[in-house]
Amino acid sequence: MSPEDGIPTYKELLERQDAPPGSSWGIFGEGDQLGTLNFLGPQQVKDAVGLVRRGQVFNLDYPLNTFVPAPAGTRPATAHHIFANNPNHRDDWLDSFYLQSTSQIDGLRHIRHPRHGFYGGVPDEEIGEETPALGIQTVAERGIVARGVLLDVARHFAGRGTPLDLAGNYMITPADLDETAAAQGVEFRPGDVLLLRVGWAAYWLNEVGAEDRQAFKKKIRHPGLVQSKEMIEWLWDHRLAMVASDDLGVEAHPVDPDSGLVDPDEPPPERGVVHNGMMHRPLLALLGLFLGELWNLEALAEDCRADRTYEFMLTAKPLNVVGGVGSPPNAMAIK
């Protein structure tokens, strides 16, 4: 166990007999709903507030309908309607509002483990509309105020002469993360929110044409974190509260077929992304590690490059939707 907080290391979690191996179930208390957000306590919040020096605020959300057509193919555009009861009044509503259609936080009911089920062993029948178990409202009610740390992998790779191929599926390793952190002078602390910039969102919006966007969902391919037990160990043992990227899924796709995470007997889904072999399963369902996808990191990354400061106060406040699977993050970085 870590001498600092008494939390088991990932290797120790893999040896558990009282819960699924590699899981944090019960580590944060019986019936826990917050997973790795438990690494964020009052001291971490106070430390994060102390990082504000200039009062500069960076929006980390892309607008709704930014990623239309949806790269994954199953989330249609949001329809915004405005009406008036009289000439001096306006009100509005949304139709087809997919809570994970643009910048998003994946909640703990987003993915179940095919063998062990949802985080903490929550039964399938408790995951439904307006049922509270593992709903995104648990995050909304506590809010996220944390030390954010940006690893600008895209800029680091370009600077060393090996730019990322954003049309490929380069798999970022723990060694790549450590190298980037060392180059930026970043040290990690328990409770950090890691922001990972690979440059994919900006690439999709500025360089991918309409025809290629339509075809993308049939052959999803993008860089991201490598699927491996070493990567899972790196994320857990750094005591991260959340990992968010400007990528479509945080981890690379297609997955590494030799990761040891692929079940060769699992049939493909009828539609949507193939999750077999993805770290979403061990990260969300077993460890309770929240993930953020398609975050807008461009302006923040440019400012971090300019002032050589890659830490900041980060806030996120998901929508308070009881039983929500995910939500726009409503995230900001303050420096």
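The values are calculated or read from the model by the stated rules, or taken from the named source; none is laboratory data. It should be emphasised that the depicted structure is a prediction, and the values quoted were computed from it without experimental measurement. Every residue, glycine as well, gets a Cβ built from its backbone with ideal geometry; the counts of neighbours run over all protein chains shown. Note: areas computed on protein heavy atoms with side chains; ligands, DNA, RNA excluded. Shrake-Rupley method; radii C 1.70, N 1.55, O 1.52, S 1.80 Å.
First measure r as the distance between the Cβ atoms of residue 77 and residue 206, then evaluate 1/(1 + (r/R0)^6) with R0 = 25 Å and state the FRET efficiency to the nearest 0.05.
Between residue 77 and residue 206 the formula returns 0.80.
What lysines sit close enough to residue 11 to cross-link, taking a C-alpha to C-alpha distance under 26 Å and skipping anything fewer than 8 places away on the same chain?
229
Highest mean first, what order results for 149-155, 259-265, 43-49 on Cβ atoms within 10 Å?
149-155, 43-49, 259-265
Mind ranking 92-102, 129-139 by how tightly packed they are, going by the mean number of other C-beta atoms within 10 angstrom, highest first?
On the way: 92-102: 15.5, 129-139: 19.2.
Ranking the peptides 92-102, 129-139 by packing returns 129-139, 92-102.
In whole angstrom, how far apart do the alpha carbon centroids of segment 21-75 and segment 250-275 sit?
Going from one Cα centre to the other spans 25 Å.
In square angstrom, what is the accessible area per residue of segment 150-278 with a 1.4 angstrom probe?
In whole numbers, segment 150-278 has 45 Å² accessible per residue.
Placing +1 at every Lys and Arg Cβ and -1 at every Asp and Glu Cβ, with all other atoms neutral, what dipole size does segment 3-43 have around its Cα centre, in debye to the nearest 20?
120
With both partners inside the chain, how many of the DSSP beta bridges are antiparallel, as a percent to the nearest 5?
For the chain, the DSSP antiparallel bridge percentage is about 60.
May I ask you to give the percent of accessible area on segment 188-335 that is carbon plus sulfur, with a probe radius of 1.4 Å?
Taking all protein chains in place, segment 188-335 shows 50 percent carbon and sulfur surface.
Leaving out same-chain residues fewer than 8 places away, which lysines sit with a Cα under 27 Å from that of residue 317?
Hits, sequence-local ones excluded: 46, 335.
Taking the Cα centre of the chain as origin, work out the dipole magnitude from +1 charges on Lys and Arg Cβ and -1 charges on Asp and Glu Cβ, in debye rounded to 20. It would help to have the intermediate numbers written out before the result.
Details: 29 positive and 47 negative charges, 156 e Å.
The calculated dipole for the chain is roughly 760 debye.
Taking the Cα centre of segment 155-227 as origin, sum charge times position over the Cβ atoms of Lys and Arg (+1) and Asp and Glu (-1), and report the length of that vector in debye to the nearest 20.
300
Mean separation of Cα pairs under 8 Å and 6+ residues apart, divided by the residue count of segment 60-150: what relative contact order is that in percent?
Across segment 60-150, relative contact order equals 19 percent.
Take residue 5 and residue 57, extend 7 Å from each Cα along the Cα→Cβ direction, and tell me the distance between the two endpoints in nm.
According to this spin-label approximation, the distance is 2.9 nm.
Hey, can you rank 177-186, 202-211, 294-303 by average C-beta count inside 10 Å, highest first?
For the peptides 177-186, 202-211, 294-303, the packing ranking is 294-303, 177-186, 202-211.
At a 1.4 Å probe, what is the % contribution of carbon and sulfur to the accessible area of segment 1-103?
Solvent-exposed carbon and sulfur of segment 1-103 make up 52 percent of the total.
What is the local net charge at residue 262, summed over the other residues whose Cβ is closer than 14 Å to its Cβ (Lys, Arg +1; Asp, Glu -1)?
After counting each charged neighbour, the total is -3.
Along Cα→Cβ, 7 Å out, is where each label goes; now give me the distance between the ones at residue 141 and residue 215 in nm to one decimal.
It is 4.9 nm.
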